[in-house]
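The values are calculated or read from the model by the stated rules, or taken from the named source; none is laboratory data. Model, not experiment: these values are computed from the prediction. Note that we place each Cβ from the backbone using ideal geometry, even for glycine, and neighbour counts take in every protein chain shown. Surface accessibility is based on the protein's heavy atoms, side chains included, excluding ligands, DNA and RNA. Shrake-Rupley method; radii C 1.70, N 1.55, O 1.52, S 1.80 Å.
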2 protein chains.
Amino acid sequence: MATGREIAQLCGVSVATVSRVFNQPETVNEETRDRVLRVAKELDYRPNESARALSTKQSTMIGLVWDTDHRRPGWRHPYLQDLLIGLKSALSAHGYHLLMLATGGDAREVGASLADPVGYVNMTRRHHLGGLVLIDSGSDAEAFEAFAQSGVPCVALDVAVDGPRATYVTSDNEGGAQSATRHLAGLGHSRIATITGPPGNQPAQARVSGYRKALRDAGLQQRDEYVVAGDFYRTSGTVAMQRLLALDEPPTAVFAASDEMAVGALLAARAAGLRVPEDLALVGFDDIEIASVVDPALTTVAQDKPGFGVAAAKAIMAMVTGAGREEPVILPTRLVVRDSCGS
Amino acid sequence: MATGREIAQLCGVSVATVSRVFNQPETVNEETRDRVLRVAKELDYRPNESARALSTKQSTMIGLVWDTDHRRPGWRHPYLQDLLIGLKSALSAHGYHLLMLATGGDAREVGASLADPVGYVNMTRRHHLGGLVLIDSGSDAEAFEAFAQSGVPCVALDVAVDGPRATYVTSDNEGGAQSATRHLAGLGHSRIATITGPPGNQPAQARVSGYRKALRDAGLQQRDEYVVAGDFYRTSGTVAMQRLLALDEPPTAVFAASDEMAVGALLAARAAGLRVPEDLALVGFDDIEIASVVDPALTTVAQDKPGFGVAAAKAIMAMVTGAGREEPVILPTRLVVRDSCGS
DNA sequence: CGTTTCACCGTAAGCGGTTACATCACCGTA
DNA sequence: TACGGTGATGTAACCGCTTACGGTGAAACG
């Protein structure tokens with residue numbers, strides 16, 4: 001790896017000039033600029049990122065806070081890969097990289113976890129990160145708030161945060177749930193239940209609210225026993241469905257707040273001898289891979305998965321370059337009609 | 001963020017001593033060491049990573065080469081999330097972070113892609129990365145070889161590479177395929193076909209070879225028309241299955257080299273009016289989420305998904321600290337018997 | 001008691017960039 | 001001719017840390 005000094009010597013200029021060629025090209029004479037650029041290209045010169053970061057207090061990296069093995073070892077993000085693809089490609093358009101911050105660590109590293117946002121914030125300073133992208137890992141809204149208040153630019157996914165340099169991106173959860181429920185009502189169902197996500201989870205709350213709105217719009221009765229809590233996981237869907245089926249007047253249609261729970265509900269229904277969609281209509285949320293594969297294929301509310309990453313990248317880059325905060329981004333959802341509701 | 005100098009002043013020592021406290025504790029007097037440590041803790045001191053990397057030419061980061069939008073926009077790694085979980089947690093045990101290298105980029109960044117390994121290699125030098133983890137993204141074995149030869153420590157996933165400081169980790173693909181096929185033969189099937197992965201792909205080749213071995217061991221006839229090529233994707237499984245069903249003597253059992261293709265085959269069989277497993281036995285490979293959800297649940301060969309990440313992390317860390325190369329790691333597979341083969 | 005040894009610590013030179021400031025040639029103007 | 005302005009470049013300090021080297025005082029030695 002050639003250094004700036006080498007370029008300088010070969011060109012008969014000072015290192016300052018070499019640096020200027022790359023950072024303030026307009027301030028250097030065209031002729032010498034070309035000369036420097038030519039030599040630089042010849043030697044395949046790339047400025048050393050550590051040195052540059054040290055000197056400018058700015059690296060070309062964005063930190064990713066993605067807490068795994070938290071309370072729930074089996075936790076899986078429903079569409080992490082698509083999210084990363086979007087994030088990565090959008091960041092790379094700005095020449096930025098994604099640093100997956102490690103939590104825990106050995107003696108040298110004092111641990112950083114969502115329980116200790118300070119650790120992460122320190123890391124962003126130590127590495128001169130431009131900012132942080134926070135992936136929702138359950139219901140750590142409080143921790144996210146601490147990040148947002150820390151002053152480092154950060155964008156949270158699926159958690160509404162507020163702070164001097166913080167914003168968030170999320171789906172139109174309410175709208176999506178509403179259209180799902182409306183779809184069910186439109187098919188003639190009047191006994192429509194919902195299986196919700198965990199209580200503290202914001203998207204979960206929004207989806208319940210969308211469900212309620214749709215019922216109201218359709219002039220349908222809202223029954224408390226038709227709203228049963230799950231945790232986004234499959235088995236909770238099964239349990240919830242069993243509970244619903246045990247009611248005196250079981251629902252004929254169910255909106256599950258996640259595809260995983262919808263699948264769980266499907267299994268429960270099947271075990272109870274019910275046919276889907278004939279005896280029970282089912283809608284999910286997320287449109288993960290599984291949705292199109294189960295039998296019957298799941299009608300569901302699709303989220304713009306790579307769009308999440310792209311929006312996050314845009315927001316964080318905007319905060320890195322400009323000052324101040326960005327507006328929250330609400331991504332549209334789309335109802336994907338398959339076979340689990342009949343026609 | 002406190003700096004070393006501040007600590008030094010508060011303790012009445014020089015910055016050198018502060019540095020020594022953290023890097024060669026045994027060379028500094030116990031009393032002053034404690035004093036420094038106490039003040040450092042008080043100020044929540046963490047050495048600046050950029051400065052340290054600049055000075056030592058070693059960062060605490062490992063690069064991740066994960067090429068997406070290559071030739072196949074729809075490409076998805078079957079278990080990226082689990083892999084990352086394993087990788088991240090194992091790296092964090094050493095205090096290392098994972099840097100997702102961006103490909104492409106703006107004018108400032110000359111692009112790096114698998115087509116241009118030099119770009120990545122340059123990045124690892126610029127960022128003083130400890131090494132590179134290469135995720136297989138189809139069939140770029142040649143490109144991987146270039147990485148391996150570059151001299152930077154790197155471990156490839158699912159591609160056998162060789163180089164001065166390179167190694168790889170992969171599953172026991174042959175063994176897995178063999179046990180899957182043996183399972184089919186054990187159930188009494190004699191007309192066993194296979195749907196393979198893309199020709200250039202090493203795991204795909206190993207799986208075919210395992211399939212062949214099992215047939216031979218079982219004393220079964222090998223027919224060329226029973227080996228039809230897919231590309232690991234679902235639709236290719238459907239197409240392949242259709243081809244198999246069109247044969248004069250269609251197989252009664254199929255080993256698909258990926259779960260996705262197995263699902264595709266399942267759809268084709270169902271469309272042709274065949275029942276699975278009664279009319280057709282089916283085994284997949286990977287044990288992705290979908291496998292347990294399709295109806296009938298898919299019998300498949302499970303890979304140790306987080307183990308991949310952990311093994312990769314161990315290998316790369318071993319090469320970072322020690323010199324020289326590491327032995328390749330072959331992870332065991334496990335046949336998961338579900339419902340798609342009957343009993 | 002002079003000299004060696006050794007544990008401990010400070011000095012200072014990097015690492016490879018960025019950038020405030022100084023320098024200098026050259027121009028137009030009074 | 002003297003002068004201020006301007007564009008192009010060099011000088012050197014600095015970012016925060018590591019580390020080779022040298023210095024110091026006390027203990028050990030002859």
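Positive end of the dipole of chain A (Cβ unit charges, origin at the Cα centre): among A:189, A:170, A:297, the Cα lying farthest that way belongs to A:170.
Counting only heavy atoms of the protein chains and using a 1.4 Å probe, residue B:34 has close to 80 Å² of accessible surface.
In chain A, helical runs assigned H by DSSP with n ≥ 4 each contribute -39500 (n - 2.57); averaged across all residues and rounded to the nearest 500, the mean residue ellipticity at 222 nm is -13000 deg cm²/dmol.
Between A:84, A:179, B:3, the Cα set farthest toward the positive side of the dipole of the protein assembly as shown (charges on each charged residue's Cβ, about the Cα centre) is that of B:3. Of all beta bridges DSSP finds with both residues in the protein assembly as shown, what is the antiparallel percent, to the nearest 5? Once the DSSP bridges in the protein assembly as shown are tallied, antiparallel ones form about 15 percent. Relative to the longest principal axis of the Cα atoms of chain A, helix A:305-321 runs at roughly 40 degrees. Taking a ≥ b ≥ c as the square roots of the eigenvalues of the Cα gyration tensor, an a/c ratio of 1.5 or more together with a/b larger than b/c marks chain A as prolate.
What accessible area per residue comes out for the protein assembly as shown, rounded to a whole number of Å², with a 1.4 Å probe? Spell out each step's value before the answer.
Numbers: 27330 Å² over 686 residues.
Per residue, the protein assembly as shown has 40 Å² of solvent-accessible surface.
Angle of helix A:30-42 to the longest C-alpha principal axis of chain A, folded into 0 to 90 degrees and rounded to 10: 70°.
Assign one of three labels to the stretch A:4-47, namely rounded, prolate or oblate, based on the Cα gyration tensor with a ≥ b ≥ c the square roots of its eigenvalues; rounded applies when a/c is under 1.5, prolate when it is not and a/b is larger than b/c, and oblate otherwise.
Values: a/c = 1.39, a/b = 1.38, b/c = 1.00.
Rounded, since a/c falls under 1.5.
The GNM of chain A, with springs linking C-alpha atoms under 10 angstrom apart, assigns the highest mean-square fluctuation among A:199, A:47, A:328 to A:47.
Applying 0.36 nm per residue to the separation of residue B:162 and residue B:187 and subtracting their alpha-carbon distance, the gain on full extension is 5.0 nm. Taking a point 7 Å out from the Cα of residue B:38 in the direction of its Cβ, the residues of the stretch B:9-28 whose backbone N falls within less than 14 Å of it are B:10-12.
Once the Cα atoms are used to define both axes, helix A:173-186 deviates from the longest principal axis of chain A by about 30 degrees. Solvent-accessible surface (1.4 Å probe) assigned to residue B:17 amounts to roughly 30 Å².
Charge dipole of chain B (Cα centre as origin; +1 on each Lys and Arg Cβ, -1 on each Asp and Glu Cβ, all else neutral): 620 debye, rounded to the nearest 20. Amide H contacts of residue A:171: A:331, each under 5 Å away and 5 or more positions distant or on a separate chain (H built 1.01 Å from N in the peptide plane; Pro and chain starts excluded). What the Cβ-Cβ distance of residue A:75 and residue B:2 gives, at R0 = 35 Å and to the nearest 0.05, is a FRET efficiency of 0.50.
Heavy atoms only, 1.4 Å probe, whole protein assembly: order B:22, B:232, A:255 by accessible area, highest first.
Ranked from most to least accessible, the order is B:22, B:232, A:255.
Along the axis of the charge dipole computed for the protein assembly as shown (Cβ charges of +1 for Lys and Arg, -1 for Asp and Glu, origin at the Cα centre), the listed residues A:25, B:60, A:135 are led at the positive end by A:25.
Taking a ≥ b ≥ c as the square roots of the Cα gyration tensor eigenvalues, the stretch B:202-320 comes out prolate, since a/c reaches at least 1.5 and a/b is larger than b/c.
Ligands, DNA and RNA excluded, the heavy atoms of residue B:341 present near 10 Å² of accessible surface to a 1.4 Å solvent probe. Build a GNM of chain B with springs between Cα atoms under 10 Å apart, and of B:307, B:273, B:200 the one that fluctuates most is B:273. In sequence order, the stretch B:273-287 has phi-based couplings of x, 8, 9, 10, x, 4, 8, 8, 9, 9, 10, x, 8, 2, 6 Hz under the Karplus curve 6.51 cos²θ - 1.76 cosθ + 1.60, θ = phi - 60°, and Gly or Pro positions carry x. Burial here means at least 20 square angstrom less accessible surface with every protein chain in place than with the chain by itself, probed at 1.4 Å; in the stretch B:86-102 the buried residues are B:88, B:92, B:93, B:95, B:97, B:98, B:99, B:100, B:102. Taking a sphere under 15 Å around the Cβ of residue B:29 and counting the other residues whose Cβ falls inside, with K and R at +1 and D and E at -1, yields a net charge of 0. Name the residue, out of A:312, A:160, A:257, whose mean-square fluctuation peaks in a Gaussian network model built on chain A with Cα pairs under 10 Å. Looking only at A:312, A:160, A:257, the biggest GNM fluctuation is shown by A:160.
3J(HN,Hα) along the stretch A:195-201, derived from phi through the Karplus expression 6.51 cos²θ - 1.76 cosθ + 1.60 where θ = phi - 60°, amounts to 10, 8, x, x, x, x, 7 Hz, with x in place of Gly and Pro. Taken across both chains, chains B and A shield about 5600 Å² of accessible surface from a 1.4 Å probe.
Computed from point charges on the beta carbon alone (+1 for Lys and Arg, -1 for Asp and Glu), the dipole magnitude for the protein assembly as shown about its Cα centre is near 1120 Debye. Shown for residue A:279: label points 7 Å from Cα along the beta-carbon vector, and their distances to the equivalent points in the other copies, 2.6 nm in ascending order. Expressed as a whole percent, the accessible area of the stretch B:173-303 that falls on carbon and sulfur atoms is 48 (1.4 Å probe).
Under a Cβ-only charge scheme (Lys and Arg +1, Asp and Glu -1), can you give me the dipole magnitude of the stretch A:4-47 about the Cα centre, in debye to the nearest 20?
Values: 7 positive and 7 negative charges, 25 e Å.
Dipole about the Cα centre, nearest 20: 120 debye.
At a 1.4 Å probe, what is the % contribution of carbon and sulfur to the accessible area of the stretch B:4-47? Answer for the stretch B:4-47: carbon and sulfur cover 46 percent of the accessible area.
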